[in-house]
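The values are calculated or read from the model by the stated rules, or taken from the named source; none is laboratory data. Since this is a predicted model, take the numbers as computed values, not measurements. Cβ: placed from backbone, ideal geometry, glycine included. Neighbour counts: every protein chain shown.
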Ligand code: SF4
């Protein structure tokens, strides 16, 4: 099997809150109903379910727990007595998850959970007053601290098409990066990796597009490992920026430029009109991308054919089909 064969057959691995994966592990013995996107995710990604509260020995049913304390000193404790503090055990479990599943390239957390929520989790005072909804769950926070590159979202936020696209884009990129690390890092492979991501980065964050090129070009000033670390942090940070209709259109026009000598004037005009229709919200991104891919399949261009921008995640997820 060649490197490229293994890339196409090995699906990215996502962690997922066990209750979202259909297991009756919530404090009341119920599951949590996943949204349509989460329900369909296992067709395109491998998934592995984790429940931090069960893992640290809390059974089902169990007394509910919640976040209590000031913003900079939050603990996760039982609601009733506040004498059982699970903070350290749940945070430690995040480390165990990353050790058990080193190929994780993203994690679907659980909205609102004091363990697994991602942003906007409720925080209370010791006398039970709701202070704010401004926290990550303890497990989510510990995951982010242990692996700052790991894309995280909760099921609620994944209802947003822009966040959904950002999440799957980053998860697939991180998977791709871990495959590269598995093959063995060389300067040549790093440059080839960056080359494939150029237009995707441009779609998400032009300043990163401008800075990553010189970073890789001046590779000799850093050790290869230092360069790789800086590179992947900048790349993943770039992809956290939302791509917009404007930025996607900019990339589409750049790619269309590679066809100017190979397609007819009428085809060029049709392509430009479709990109403009996309930019103004008349058609989804998949429409101009499909036409571009069609033209590049008739007029192959090795540089463009390798661009991740054209296929950043499984097409069947249909995240580019939203107008
Ligand atoms: S939200 Fe997290 S801790 Fe709570 S039941 Fe689901 S997986 Fe377990």
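Computed quantities for the displayed model
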quantity	calculated
Residue match in the range 71-81 (condition: part of a helix (DSSP H, G or I) and more than 15 Å from the ligand (Cβ to nearest atom))	no
So residue 229, is it without any contact (Cβ under 8 Å) to a residue 12 or more places away in the chain and either touching a helix residue (DSSP H, G or I) at 6+ places or on another chain (Cβ under 6 Å) or over 25 Å from residue 193 (Cβ atoms) (or both)	no
Candidate set from the range 274-316 (those that are farther than 17 Å from residue 165 by Cβ and in contact (Cβ under 8 Å) with a residue 60 or more places away in the chain); member that is surrounded by the most Cβ atoms within 10 Å (Cβ to Cβ)	306
Unique match (being assigned to a helix (DSSP H, G or I), assigned by TED's automatic domain parsing to the domain that holds residue 53 and more than 15 Å from the ligand (Cβ to nearest atom)) among 88, 134	88
Residue in the range 120-128 that is under 28 Å from residue 177 (Cα atoms), surrounded by 14 or more Cβ atoms within 10 Å (Cβ to Cβ) and under 20 Å from the mean Cα position of the chain (by Cα) present	no
Residues within the range 25-55 that are in a loop (DSSP other than H, G, I, E, B), more than 9 Å from the ligand (Cβ to nearest atom) and under 27 Å from the mean Cα position of the chain (by Cα), tallied	5
The range 48-76, residues that are closer than 16 Å to residue 13 by Cβ and either in the same structural domain as residue 322 (by TED's automatic domain parsing) or buried (at least 18 other Cβ atoms within 10 Å of the Cβ) (or both)	50
The one condition in (1) part of a loop (DSSP other than H, G, I, E, B); (2) more than 12 Å from the ligand (Cβ to nearest atom); (3) touching a helix residue (DSSP H, G or I) at 6+ places or on another chain (Cβ under 9 Å) that residue 128 fails to fulfil	(3)
